[in-house]
Amino acid sequence: MAALTRLMKPTSTIITRRSLSTTTAAVSDIQSSLSDGKGGSSRTNFQWVFLGVPGVGKGTYASRLSTLLGVPHIATGDLVRHELASKGPLSNQLAEIVNQGKLVSDEIIFNLLSKRLEAGEAKGESGFILDGFPRTIRQAEILNEVTEIDLVVNLKLREDVLVEKCLGRRICSECGKGFNVASINAKAENGRPGMSMAPLLPPSHCSSKLVTRADDTEEVVKERLRIYQEKSQPVEGFYRDLGKLMEFDLPGGIPESWPKLLEALNLDEYEVKRSAVA
Ligand SMILES: [Zn+2]
């Protein structure tokens, strides 16, 4: 993954992107492995990206899959928090950006990502699941220049359910744990199946200390969705054109969605380990 570091040296001509013909072959491998139920056991590359609107639960699914597959789950938000907490070389610069409420630049994000992947590689890690990254078409293009992404999973959830779920979020003001008080029973309509999601209720010692995040109002949640969709559609299109995008409509909460997701990813051979993760 030294390739990502080379990104910071624009004069370098070495890139790891495969030739067009190899890419096409890799794409057809992915497509066949996703459709014929055979490719999974021979697949060794797990350089995956998880996309999905805030609140869809992509962190949860990415985290479970990373445990299952033995590859790191990398969320750029965590990279920024880790750099700040560990007082890394970029922490002063980052603190300033974060305090001013500005967006962290692509250069810094790629720098952190590169550092994280190299540290992992040194420990013998291979593959990754990127969570919520790339966020923009520019990031997707740069990422594509420096490494091969094998599969992009786009997690989707009915918008009415998603909004309800976001509005049900609560945090314990004492221990900081997250819960969800929404009990979702969306009716089937317009050809969409109905959907039920059980609340994730707090233990009794947390229940009197629950708070709602100030930005979890219906208006803010809907605006966040709109902004996300505006930015992510070109990213989705980019990977769709490469034949690497897998759309996945979440059929409900984790108990319904997790087995279906494994099925769609053709990870049946990981069945034995599944109980350890579920
Ligand atoms: Zn608590």
Handout entry: Candidate set from segment 109-138 (those that are hydrophobic (A, V, I, L, M, F, W, C) and over 26 Å from Leu155 (Cβ atoms)); member that is surrounded by the most Cβ atoms within 10 Å (Cβ to Cβ)
Key = Ala119
Practice task
State all residues of segment 162-177 that are farther than 16 Å from Ala214 by Cβ and either away from the ligand (no atom under 16 Å from the Cβ) or within 21 Å of the chain's Cα centre (by Cα) (or both); if no residue qualifies, say none.
Solution key: Leu162, Val163, Glu164, Lys165, Lys177
Handout entry: Filtered residues of segment 189-221 (kept if farther than 22 Å from Val53 by Cβ and more than 11 Å from the ligand (Cβ to nearest atom))
Key = Leu201
Handout entry: Failed item, numbered, when Lys273 is tested on (1) out of contact with any strand residue (DSSP E or B) (no Cβ under 6 Å at 6 or more places or on another chain); (2) away from the ligand (no atom under 16 Å from the Cβ); (3) at pLDDT 90 or above; (4) not aliphatic (A, V, I, L, M)
Key = (3)
Completion exercise
Residues of segment 170-210 being more than 24 Å from Leu157 (Cα to Cα), among the small types (Gly, Ala, Ser) and loosely packed, with under 13 Cβ neighbours inside 10 Å, in sequence order, are Ser173, Gly176, Ser204, Ser208
Practice task
Considering each of Ser173, Ser204, Ser183, Ser196 in turn, give the residue that is touching a residue at least 40 places away in the same chain (Cβ under 8 Å) and of a type outside the set (Val, Ile, Thr).
Solution key: Ser196
Handout entry: Options Ser42, Ser63, Ser35: the member that is at pLDDT 55 or above, out of contact with any Gly (no Cβ under 9 Å at 6 or more places or on another chain), of a type in the set (Ser, Thr, Tyr) and surrounded by fewer than 20 Cβ atoms within 10 Å (Cβ to Cβ)
Key = Ser63
Fill in the blank from the handout: Exactly one of Asn180, Asn154 is within 16 Å of the ligand (Cβ to nearest atom), within 30 Å of Thr136 (Cβ to Cβ) and not aromatic (Phe, Trp, Tyr), and that residue is Asn180
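The values are calculated or read from the model by the stated rules, or taken from the named source; none is laboratory data. Quick caveat: nothing in here was measured; it's all calculated off a predicted structure. Backbone-built Cβ (ideal geometry, glycine too); neighbour counts: all protein chains shown.
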